[in-house]
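Chemist: First the structure, then my questions, so here it is.
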Amino acid sequence: MFGQPTTTTPSPTDRGLEDLDAAALAYAARIEGLPPERRQEARDDLVRFALPFAGRLARRYRGRGEPLEDLEQVARLGLVNAVDRYDPERGSFTAYAAITIVGEIKRHFRDRTWGVHVPRRLRDLILEVGQATAALTSELSRTPTVAELAERLETPQEEILAALESAAGYSPASLNAPVGGESSAEFGDLVGESDNALESVDDRVTVSGLLHRLPWRERRILAMRFYGNQTQAEIAARFGISQMHVSRLLSRALTWLRQAMLADAPPPWQNGAEAEGGRARIAVRHAGDRVVVEVGGEVDRDGADQLRRAVLGALTGQPREVVVDLDGAGGFDAGGVAALMAGRDAAERSGVPLRLTGAQPAVRRSLTAAGLAPAAAPRR
């Protein structure tokens with residue numbers, strides 16, 4: 001059979017046939033004039049005959065981080081491509097198959113093995129650094145420094161460092177790999193997640209400071225609406241006002257917060273008495289032997305001192321009774337409640353009755369919780 005390569009087909013079991021080029025020429029001559037179904041048989045014979053050649057090429061690349069079985073599979077794929085594209089008029093089949101198989105293996109390393117994308121120039125430098133490291137380790141009997149590698153390769157140290165760091169991307173550790181020991185935790189459990197709320201920290205801190213500048217009632221309404229998820233109708237019922245009034249208060253408070261967030265200095269909440277339920281308004285009038293302290297607006301820490309002085313001043317004249325009319329009060333914060341408690345204690349010491357009246361539902365609940373029990377005001 002070997003003496004007539006142009007008319008016979010090499011067999012994988014024929015030990016006398018060792019010339020791969022001769023086998024390829026025999027394959028090319030055999031398939032001339034054969035139908036496609038008969039060509040497949042000849043193709044398979046040549047591929048089986050050349051498998052040891054492909055295996056030898058694959059073994060040249062073992063020890064580079066890829067299993068030998070995978071490299072052999074890639075080499076066989078390259079061999080099949082070489083057989084399908086082989087043209088005897090273009091030269092030796094062995095040379096063409098070697099180029100095709102090695103190119104397929106290198107393409108596998110380029111496209112399949114890197115865990116992250118690394119530029120080709122840097123990948124080439126990584127190989128050079130690896131070879132230089134092995135050579136210098138043998139010469140110096142120790143691991144070479146970055147400066148020594150840069151001197152050997154005549155490359156800046158910055159590029160050497162970049163190559164060493166990028167080499168870690170060749171085969172990154174799996175996030176599903178166990179941490180070790182008896183723990184069932186995985187590496188992915190130790191990796192922190194992006195906190196999407198981190199970008200809003202500045203806004204949250206700014207808003208928190210601005211909220212304290214709002215009157216008590218607006219602060220309470222905002223908290224009930226956006227933190228308590230209460231409807232405007234529920235808020236209106238708790239404050240004893242209309243739902244439309246709640247809507248206006250919310251709109252006014254949110255508009256002010258928006259302007260204050262964008263301004264270098266927060267604008268004043270209100271000027272004088274241009275808005276209903278504004279800053280505290282305290283008035284004292286005498287009705288016979290009684291003294292009436294009329295309270296309006298929002299009694300916050302700024303109006304608390306004024307309220308305390310008004311109540312204590314009303315008690316000094318020893319009237320028959322002191323009435324604190326809360327009908328116009330929109331809200332009390334801790335300072336305002338403390339001012340009324342101070343007036344109650346002073347009234348008990350002086351023996352003058354002190355009566356709270358006309359409180360709206362929201363104000364009445366706040367005062368009742370503090371131990372003060374005002375009379376209810378008629379619902380508006």
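Values quoted throughout were computed directly from the atomic coordinates according to the rules given, and no laboratory measurement underlies them. In this text, all values refer to a predicted model and were calculated from it rather than measured experimentally. Heads up, the Cβs are rebuilt from the backbone with ideal geometry, glycines too, and the neighbour counts pull from every protein chain shown.
Chemist: If you average 1/r over all unlike Cα pairs in the chain and invert the result, what Kirkwood radius do you get in angstrom?
Modeler: Radius from the Kirkwood sum: 30.5 Å.
Chemist: While we're here: Which order do the peptides 34-43, 251-260, 318-327 take when ranked by the mean count of other beta-carbon atoms within 10 Å per residue, highest first?
Modeler: 318-327, 251-260, 34-43
Chemist: Just going by the charge dipole of the range 51-97, with Lys and Arg at +1 and Asp and Glu at -1 on Cβ, which of A97, Y61, Q73 is farthest out on the positive end?
Modeler: Positive-most Cα among the choices belongs to Y61.
Chemist: How do 284-296, 222-234, 200-212 rank on mean C-beta neighbours within 10 Å, highest first?
Modeler: By packing density, highest mean first, the sequence is 284-296, 222-234, 200-212.
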